[in-house]
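Notes follow once the structure below has been shown.
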Amino acid sequence: MALILGIESSCDETAAAVVRDGSELLSNVVSSQIATHQPYGGVVPELASREHLRAIVPVVREAARRAHVKLEDVEALAVTQGPGLAGSLLIGITYAKALSFALSKPLIAVNHLEGHIHAALLEQRQTQSEDLPLPALALVVSGGHTHLYLVNRSTQGSWSYVNVGHTLDDAAGEAFDKVAKLLALSYPGGPVIEALAEHGNPHAIAMPRSQIKTKLKRQEKAEDPSESHDFSFSGIKTAVLRFVETHAMQASIEHRRAKFVGAGNPTAAEFLPHLDQLTLDLIASFQEAVIQDLLCKTLRAAEDLEVQSLIVTGGVAANGHLRAEFDKRAGAEGLRAFFPSRGLSTDNAAMIAAAAYPKFLARDFANEHLSAEASLALGAG
Ligand code: KG4
Ligand code: ZN
């Protein structure tokens, strides 16, 4: 029986959670900084560090309280080492180190991306649904990453990851956030775009596809572009900008910006009366293009690598339309797609505590020199 306290502070959520044996979620506390970053339309690193500093102690205490455990009762602490914002990571790491020293409990360093993958594994163990067949292909799709990993487990129980694809420019979540900012919608962009896309026609406006092929041809790469499992979202983002310019939408955008300035974090329902049909069609077409791009690339990689299942995780995996499309299209290929619940898709510490469990069993502990790694990579590849 191992109770692990996870701590996550890589970006704009301060989170702590208690997980038993990597499979039973006892508490999961997330303190969001959305209100702080909303006026800027993106995360401001200095403000994020300040907010983590404020929240970390109460969030950890609340996680222990909700799990009905004393901090002394946990067997180990786990903390996100990277990737993420250096100043934000440092706050979680410094606090976890101090707590580990004070409680004389081992500390486990976890890669944030490995955490996202384990969110799906935790979900599957929690719900005791069918086993997740390996090897799996994991699409980690968030505000900072759009990465494909080949995931497997050794007979000793350790997990391995091979990076087989990544975005060459913007992450998919970043594209959602930038398009929302361009259209004077709220931050983060994903949830508001998902809700508003329901009211638009996803096939109304043509969006560019196959950006990678074009790019590789231009650079005269020797390899066959169809072999690439990389992503690119800057073309779709630029197409939205071009559409706004060529359809004279700036005036209505500025009107909306002025209307909602200082209004906190307006909901999709509040925006709706201030959006014309063309803008709603643009929003729906943008979302459709991103989702189809993620889907096509992931399914092609799954076929090439002959995997047994798919894992789709990270903030963008909270998108209901994306989930439905992956379920449908992967299902048609005979592949099951596994997702974390929506709450475990976005940043949280339960995924960090779950990913730490195999390391706990292997006694893979961090020492006092542990420090933040803003660009920490996951696995080989
Ligand atoms: O995993 P996450 O919480 O933080 C990072 O590690 O980046 O992901 C945040 C990202 C943001 O870009 C946000 O716009 C996006 O996930 N996101 C969504 C949805 N909910 C959050 N994107 C599309 N649809 C959603 N429902
Ligand atoms: Zn994340």
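The values are calculated or read from the model by the stated rules, or taken from the named source; none is laboratory data. Model, not experiment: these values are computed from the prediction. Ideal geometry is used to build each Cβ from the backbone, glycine not excepted, and the neighbour counts take in all protein chains shown. The accessibility values were calculated without ligands, DNA or RNA, using every heavy atom of the protein model including side chains. Shrake-Rupley method; radii C 1.70, N 1.55, O 1.52, S 1.80 Å.
Can you give me the Cα centroid spacing of the range 171-201 and the range 283-357 in angstrom? When both Cα centres are located, 18 Å separates them. Heavy-atom accessible surface of the range 131-342, averaged per residue, reaches 44 Å², computed with a 1.4 Å probe.
Calculated mean residue ellipticity, 222 nm, the chain: -14000 deg cm²/dmol, from DSSP H runs (n ≥ 4) at -39500 (n - 2.57) each, averaged per residue and rounded to 500.
For the range 131-342, the tally of Lys pairs with Cα-Cα distances below 25 Å comes to 19, considering only residues 8 or more apart or on different chains.
Report the percentage of all Cα-Cα pairs in the range 123-170 whose separation exceeds 15 Å, rounded to a whole percent. Mind showing how you got there, number by number?
Details: 652 of 1128 pairs.
Here the tail beyond 15 Å accounts for 58 percent of pairs.
Across the range 108-209, Cα-Cα pairs farther apart than 21 Å form 50% of the total. Count Lys and Arg as plus one, Asp and Glu as minus one, and take only other residues whose Cβ is under 13 Å from that of residue 28; the net charge is then -2. In a shell of Cβ-Cβ distance under 12 Å around residue 141, excluding residue 141 itself, what net charge do Lys and Arg (+1) and Asp and Glu (-1) give? My count for the surroundings of residue 141 gives -1. The share of accessible area on the chain that comes from carbon and sulfur is 52 percent, using a 1.4 angstrom probe.
Once C-alpha pairs closer than 8 Å and six or more residues apart are averaged by separation and normalised to the residue number of the range 316-381, the relative contact order reads 25 percent. In the range 257-355, the ratio of gyration radius to Kirkwood radius, Rg to Rh, stands at 1.08 when only Cα atoms are counted. Straight-line cross-link partners of residue 359 among the aspartates and glutamates, defined as a Cα under 14 Å from its Cα and at least 8 positions apart when in the same chain: 21, 75, 114. List the residues of the range 296-332 whose backbone N lies under 17 Å from a point placed 7 Å from the Cα of residue 130 along the Cα-to-Cβ direction. Answer for the range 296-332: 307-312, 326-332. The stretch between residue 206 and residue 367, if pulled fully straight at 0.36 nm per residue, gains 52.7 nm over its current Cα-Cα span.
Entry note, the range 131-342: relative contact order of 29 percent, from Cα contacts under 8 Å with a spacing of 6+ residues. Of the GluC sites (Glu not before Pro) found in the range 117-193, those that fall in a DSSP loop while having at most 12 other beta-carbon atoms within 10 Å are 130. The figure for residue 23 is an accessible area of roughly 40 square angstrom, using a 1.4 Å probe on the protein chains alone.
Each other residue within a Cβ distance under 13 Å of residue 326 adds +1 if Lys or Arg and -1 if Asp or Glu, for a net charge of +1. Stretched out straight at 0.36 nm per residue, the stretch from residue 152 to residue 300 would grow longer than its current Cα-Cα span by 51.4 nm. The packing ranking of peptides 353-362, 304-313, highest mean first, is 353-362, 304-313, where packing means the average number of other beta carbon atoms within 10 angstrom of each residue. Cα convex hull, the chain: 142 Å³ per residue, rounded to a whole number.
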